[in-house]
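Just so it is clear, none of the values below were taken in a lab; they were calculated from the coordinates. In this text, all values refer to a predicted model and were calculated from it rather than measured experimentally. Reconstructed Cβ throughout: ideal geometry from the backbone, glycine too, with neighbour counts over all protein chains shown.
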Amino acid sequence: MPDLERIFREEYGRAVAVLVRALGDIDLAEEAVQEAFVAATQRWPAAGLPASPAGWLITTARNRAIDRLRRESSRADRHAQAALVHARDQPAEEGPVRDDRLRLIFTCCHPSLGMSAQVALTLRLLGGLHTDEIARAFLVPEKTMAQRIVRAKGKIRDAKIPYRIPYEADLPARLRAVLAVVYLIFNEGYTASSGDRLIRDDLCTEAIRLGRLLAELMPDEPEVMGLLALMLLIESRRTARTTAGGGLVLLADQDRGCWDRELIAEGQAIVRACLRRDQPGPYQIQAAINAVHSDAPSAADTDWAQIRQLYDQLLAVAPSPVVALHRAVAVAEIDGPAAGLDVVERLDLPGYYLFHAIRADLLRRLGRDADAALAYDAALSRTENAAERDFLQRSRLALG
């Protein structure tokens, strides 16, 4: 039943968020939702899709959780079980965050958890990402990421961190992690870390939805607006990023007539408003870089000098080897591939496929085909996305 996979991707985060609020237990909520999806795979092919698949899944998951607590009530807390049975009749909790998924993000981003644990746990619960996908986003081994997620769940349980809407005064302290979560969900959607498709539309759409909710909640936070602008400007290029067969199309080769001008106009308007505030942050600067790309009617008209200047500013406020790698692309466009390669060779990103892919392209442009082939091989061994692998393989074969 082809719709099952799509429904799982689209509804998993929402169902977990609702169940966590109702149950107060992350593991129980996840297990109940997974059991509900198993039940759906058994029932829906014969009975057909229910009128509200999301409602069916949430109701089934809640009932499975209640049944489990009843079975275990002889050795568990009977009061907790009794409270759960009546949870469906409780009024909605009041507070500044009304959306269940956004509320769970703020809950998981509690200050008592480390930043990486906050982000990883929320990606697992809300993005529905597998541990290996999250590990690739953090450039760490899968085992390391699995341990972080387990520890984060244990910390929430042992410290009895409440599953409630944060007070308005608590929101800014959690904002950095919340923005990181939303952006990582978007990134996984825009370039999936594995699978046959380059893009996961559902994750892009969800991240932008959450970004708009954050903008409504905290319109005076420049980085909130910067993140929304960044996602809108990148999203505007989605349809031009792949061929009809799903193949990867580089920015320089995209048909800019296919770019979504409404999203570009909205994103650029937000960037201009951020510039007037003059409180630059990483997301605002990245949005400005993408605004420069969206201004260029063709790849040849791109203002690479302005882009390099913006990357210099980004390195000053948020230094990282990944930012330096992207800056190297601008350097190569301005000063030539040898200058760009000189920057790349000084970076330490051995596990990052894009490092090897960019290095391979610069070596190719310098005519160093044998070295380029080795770099393409290194990139191929570090990505599980079929569209990326196909592009890298074709690039390598083109070397002769």
Obtain the nm distance between the two label points defined at residue 144 and residue 196 by a simple spin-label model: each point lies 7 Å from its Cα along the Cα-to-C-beta direction. 3.3 nm
If I stretch the segment between residue 5 and residue 155 completely, what's the gain in nm (0.36 nm per residue apart, minus their alpha carbon distance), one decimal? 50.8 nm
Convex hull of Cα atoms in segment 189-302, direction-averaged projection (nm²): 7.3 nm²
Fully extended contour minus Cα-Cα distance, from residue 262 to residue 239, at 0.36 nm per residue: 6.9 nm
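Grab the beta carbon distance between residue 41 and residue 334, set R0 = 56 Å, and tell me the FRET efficiency rounded to 0.05.
0.55
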Full-extension gain between residue 205 and residue 394, please, as 0.36 nm times their residue separation minus the C-alpha to C-alpha distance. 65.0 nm
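Please give me the summed charge of the neighbours of residue 137: other residues whose Cβ is under 14 Å from its Cβ, Lys and Arg +1, Asp and Glu -1.
0
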Using the Kirkwood formula on alpha carbons, the hydrodynamic radius of segment 122-255 in angstrom works out to 16.5 Å
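Set the Förster distance to 30 Å, then compute FRET efficiency between residue 320 and residue 27 from the Cβ-Cβ distance, nearest 0.05.
The pair residue 320/residue 27 has a calculated efficiency of 0.35.
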For segment 17-57 (alpha-carbon point model, no solvent) the Debye-based log₁₀ I(q)/I(0) at q = 0.20, 0.29, 0.35 Å⁻¹ works out to -0.63, -0.95, -1.13
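Using only the Cα atoms, work out Rg/Rh for segment 150-194, with Rh taken as the Kirkwood radius, to two decimals.
Answer for segment 150-194: 1.09.
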Whole-Hz Karplus ³J(HN,Hα) for segment 105-122, in order, using 6.51 cos²θ - 1.76 cosθ + 1.60 and θ = phi - 60°, x for Gly and Pro? 4, 5, 5, 5, 8, 6, x, 6, 9, x, 4, 5, 5, 4, 5, 4, 5, 5
Across the Cα atoms of the chain, what radius of gyration and what greatest pairwise Cα-Cα distance (Dmax) are found, in Å? 22.8, 73
Can you tell me, using C-alpha contacts under 8 Å and at least 6 residues apart, the relative contact order of the chain as a whole percent? 11 percent
What nm distance separates the two modelled labels at residue 304 and residue 71, each placed 7 Å from Cα along Cα→Cβ? 6.3 nm
Just check segment 289-369 against the gyration tensor rule for me: Cα atoms, a ≥ b ≥ c as the square roots of the eigenvalues, rounded for a/c under 1.5, and otherwise prolate or oblate depending on whether a/b exceeds b/c. oblate
